[in-house]
1. For region 92-139, which positions are among the aliphatic types (A, V, I, L, M), free of Cβ contacts under 8 Å to residues at least 24 places away in the same chain and not in a helix (DSSP H, G or I)?
2. Looking at region 27-57, which of its residues are under 9 Å from the mean Cα position of the chain (by Cα) and part of a loop (DSSP other than H, G, I, E, B)?
Amino acid sequence: MQENAITLAMDSIQLLTRRGVTCSDLLSCLYNLKPIDLEVFLEVARRECATLDQISESVDRDRSSIHRCLSKLVSAGLVHKQSRGLKGGGYYHVYSIVEPSKIKEQARQKVKEITESLEGLIDNFESDLRKHLVTKHST
């Protein structure tokens with residue numbers, strides 16, 4: 001898990017230090033979102049409560065792809081999923097974004113975690129380098 005965070009951090013640093021970075025870039029880096037995930041997130045943000053079918057139609061993708069994106073966004077804590085009952089029985093789900101201030105706070109926490117990981121790498125740089133050099137020379 002930490003290796004994934006470090007790899008993501010390296011990619012993120014390069015992207016996020018460019019000029020003209022947007023909130024989409026930030027979300028993409030911090031949550032490892034693909035372009036379709038971002039498109040779905042922004043579509044959910046445009047609506048107060050959106051159904052899977054509405055989102056699928058708006059972004060012109062099949063329901064199963066949109067369902068995967070929504071599941072990823074829900075598990076990342078970016079989108080809420082609520083069940084609504086149907087008059088004749090059964091239910092459906094509606095999706096809405098998490099309060100932007102909460103997303104902002106989550107992003108701050110992720111940046112803090114990435115920063116701490118990078119600081120650990122820097123702190124251990126010399127000893128890690130020595131280990132790699134010893135391993136390379138002994139083989």
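1. Within region 92-139, 98 is the sole residue that qualifies.
2. Residues satisfying the conditions are 32, 33, 34.
For every residue, the table says whether it meets (1) surrounded by 13 or more Cβ atoms within 10 Å (Cβ to Cβ); (2) in the same structural domain as residue 68 (by TED's automatic domain parsing).
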| site | (1), (2) |
| --- | --- |
| 87 | no, yes |
| 105 | no, no |
| 110 | yes, no |
| 119 | no, no |
| 131 | no, no |
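The values are calculated or read from the model by the stated rules, or taken from the named source; none is laboratory data. Bear in mind the structure is a predicted one, so any value in this text is a computation, not a measurement. Neighbour counts run over all protein chains shown; Cβ positions are idealised from the backbone, glycine included.
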